[in-house]
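Engineer: Have a look at this one before I ask anything.
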Amino acid sequence: MKAPANANSNLRRLFFLRSIAIGGQVLVIAAAVMMFDTPLPLAAMGTIIVLQAAVNLRTWMRLRKAAPASDAELFLELLADVAALTALLYLSGGPTNPFVSLYLLPLTIAATALSARYAWGMAGLTIACYSALMSFYVPLGHGPEMHSSAFNLHVLGMWANFLVSAVLIASFVATMSASIRSRDRELAIARERALRDEQVVALGTFAAGAAHELGTPLSTIAVLTKELERQHAAEPGLHEDLKLLRTQVDNCKRIITSLTTAAGLARAGQAKRQSVEEFLVGVTEKWALIRPQVRLHLRCGGAGAAPQIVGEETVRQTLINILNNAADASPQAVEIEGTWNAAELTIEVRDRGPGITDDIAEKAGRAFVSTKAAGRGIGLFLANATIERLGGSVALFNRDGGGGCTRVTIPLARLAAEA
């Protein structure tokens, strides 16, 4: 998918290089005529430069189109430059012209930007043109005076040619190298995301299997708890404990049922639109059933009325995982605050625990890292995968006065688009 973008970028670079070359050609011809009194066929050379400028204008118009450029199109653009350079060299001394080494420029561009067959094609073409100029060209005048003038022009031209070639080639190769490094970074990010997606799929598979297997023992526990409740109805203390136990078992069954049900539903057809406040209230109410012993403070506010979003189940579960992490660090109380503006929704979950180390803050969400027991702490990894899928981000940092904060930022447009 990156080839068209790179081809367009290379075509744009060629447009700028050709613009510089046209300006340089005009300056060199003017200097040769005015400073060295060199007789040149100005009409013919001017016509070639005008045609080259017309080609460049066509290239500029082509860049304004959305259609991607191909390697063949870039090669044809380079052929036009080689033809113009050959014609100018033919009219101005052929191989004795110090600017004959400019043949290296289209060859360098072809070698760095195009495939091997195009590069070798350009090499063969430039060699053929240079070889033809060895026999066919218009000499730069005759006589000792003209020879001396031509030699001085040749020496000065060699220096100018080296300067221009070095700058142009270095700038083009440096830009191409930057483009390659950027592509390598994108590939590394893509590989990292692919690895993370594989881990998420593996976790989803294990979770589905565990949900299926937990159904039978939970049903057995529910039946036994109900029997014990009836048997110990005369013992108030034990009866209340058994009632609480049965309630928690029912919560576990409900969570597993909703998990498997939500995984099989198409979000677009099942989810409903609601305000941010309603969504966060629903999240906190659901979490309160899981961790009733933790005090939870919810605040909402932002610019204008609360925006309408689609409360996706994966985002809801992500916030519950983050709340669980906060409650593990701060069992007494946890705070959650939702704020919004015209562009994005920000949700912060705060605790008063021991805080977050720099190492955990840097690695969290990118791998299975945790300060808790083995097998736990993957909630943030899943949260990061879910939020990044929506174009958002997850950040961890320490809050003033002690404790940690997890900040989730999601573009509102993506929440609406997911509907």
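Matching residues to (1) more than 14 Å from residue 72 (Cα to Cα); (2) assigned to a helix (DSSP H, G or I):
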position	(1), (2)
100	yes, yes
108	yes, yes
122	no, yes
126	yes, yes
136	yes, no
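Engineer: If you go through segment 329-342, how many residues are more than 18 Å from residue 395 (Cα to Cα) and open to solvent by 10 Å² or more (accessible area, probe 1.4 Å)? Outline the logic, then answer.
Structural biologist: Of segment 329-342, the ones more than 18 Å from residue 395 (Cα to Cα) are 330-333, 341-342.
Checking which are open to solvent by 10 Å² or more (accessible area, probe 1.4 Å) leaves us with 331-333, 341-342.
Of the residues in segment 329-342, 5 are more than 18 Å from residue 395 (Cα to Cα) and open to solvent by 10 Å² or more (accessible area, probe 1.4 Å).
Engineer: Let me ask something else about it. Would you confirm, using the coordinates I've provided, whether residue 78 is within 34 Å of the chain's Cα centre (by Cα), aliphatic (A, V, I, L, M) and surrounded by 14 or more Cβ atoms within 10 Å (Cβ to Cβ)? Outline the logic, then answer.
Structural biologist: Values: within 34 Å of the chain's Cα centre (by Cα): yes; aliphatic (A, V, I, L, M): yes; surrounded by 14 or more Cβ atoms within 10 Å (Cβ to Cβ): yes.
It is true that residue 78 is within 34 Å of the chain's Cα centre (by Cα), aliphatic (A, V, I, L, M) and surrounded by 14 or more Cβ atoms within 10 Å (Cβ to Cβ).
Engineer: Moving on. Just to be sure I understand, how many residues within segment 1-31 are modelled with pLDDT under 80, more than 13 Å from residue 63 (Cα to Cα) and open to solvent by less than 30 Å² (accessible area, probe 1.4 Å)? Before you say what the answer is, go through the steps one by one.
Structural biologist: At the first step, the residues of segment 1-31 found to be modelled with pLDDT under 80 are 1-10.
If we keep only those that are more than 13 Å from residue 63 (Cα to Cα) too, we end up with 1-3.
From the residues that got through so far, the ones that are open to solvent by less than 30 Å² (accessible area, probe 1.4 Å) too are none.
Qualifying residue count for the region: 0.
Engineer: Taking the residues in segment 299-310 that are under 25 Å from residue 333 (Cα atoms) and open to solvent by less than 60 Å² (accessible area, probe 1.4 Å) as candidates, determine which candidate is modelled with the highest pLDDT. If you could, list the steps in order and put the result at the bottom.
Structural biologist: Narrowing segment 299-310 to residues under 25 Å from residue 333 (Cα atoms): 299-302.
Among the residues that remain, those that are also open to solvent by less than 60 Å² (accessible area, probe 1.4 Å) are: 300-302.
Values: 300: 91, 301: 88, 302: 85.
By that ranking, first place goes to 300.
Engineer: When segment 38-72 is examined, which residues are found to be in a helix (DSSP H, G or I), closer than 13 Å to residue 9 by Cα and either basic (Lys, Arg) or out of contact with any Asp or Glu (no Cβ under 7 Å at 6 or more places or on another chain) (or both)? Spell out the reasoning first.
Structural biologist: As a first pass, look at segment 38-72 and keep what is in a helix (DSSP H, G or I): 42-63, 71-72.
This time we only want the ones that are closer than 13 Å to residue 9 by Cα, so: 59-60, 62-63, 71.
The answer is 60, 62, 63, 71.
Engineer: Same structure again: Which pairs do you get when a residue that is free of Cβ contacts under 8 Å to residues at least 40 places away in the same chain, found in segment 53-69, comes within reach of a residue that is surrounded by 13 or more Cβ atoms within 10 Å (Cβ to Cβ) and assigned to a loop (DSSP other than H, G, I, E, B), reach meaning Cβ atoms under 8 angstrom, with the pair 6+ apart or on two chains?
Structural biologist: Listed pairs, sorted by first residue: none to list.
Engineer: Answer yes or no: is there a residue in segment 316-331 that is modelled with pLDDT under 85 and of a type in the set (A, V, I, L, M).
Structural biologist: No; the residues of segment 316-331 include none that is modelled with pLDDT under 85 and of a type in the set (A, V, I, L, M).
Engineer: In segment 40-67, how many are modelled with pLDDT under 85 and surrounded by 15 or more Cβ atoms within 10 Å (Cβ to Cβ)?
Structural biologist: So the answer is 1.
Engineer: Taking the condition at pLDDT 90 or above, closer than 20 Å to residue 397 by Cβ and among the acidic types (Asp, Glu), does residue 351 pass? Quick ask: steps written out before the conclusion?
Structural biologist: Values: at pLDDT 90 or above: yes; closer than 20 Å to residue 397 by Cβ: yes; among the acidic types (Asp, Glu): yes.
For residue 351, the condition - at pLDDT 90 or above, closer than 20 Å to residue 397 by Cβ and among the acidic types (Asp, Glu) - is met.
Engineer: In segment 83-113, how many residues are of a type in the set (Val, Ile, Thr) and within 16 Å of residue 134 (Cα to Cα)? First the steps, then the outcome.
Structural biologist: Initially, segment 83-113 is screened for residues of a type in the set (Val, Ile, Thr), giving 86, 96, 100, 108-109, 112.
So of that shortlist, the ones also within 16 Å of residue 134 (Cα to Cα) come out as 86, 96, 100.
Total satisfying the criteria: 3.
The values are calculated or read from the model by the stated rules, or taken from the named source; none is laboratory data. Everything numeric in this text was worked out from a predicted model, so none of it was measured. FYI the Cβ positions are ideal-geometry reconstructions off the backbone, even for glycines, and counts take in every protein chain you see. Just the protein is used for accessible areas: all its heavy atoms, side chains included, with ligands, DNA and RNA removed. Shrake-Rupley method; radii C 1.70, N 1.55, O 1.52, S 1.80 Å.
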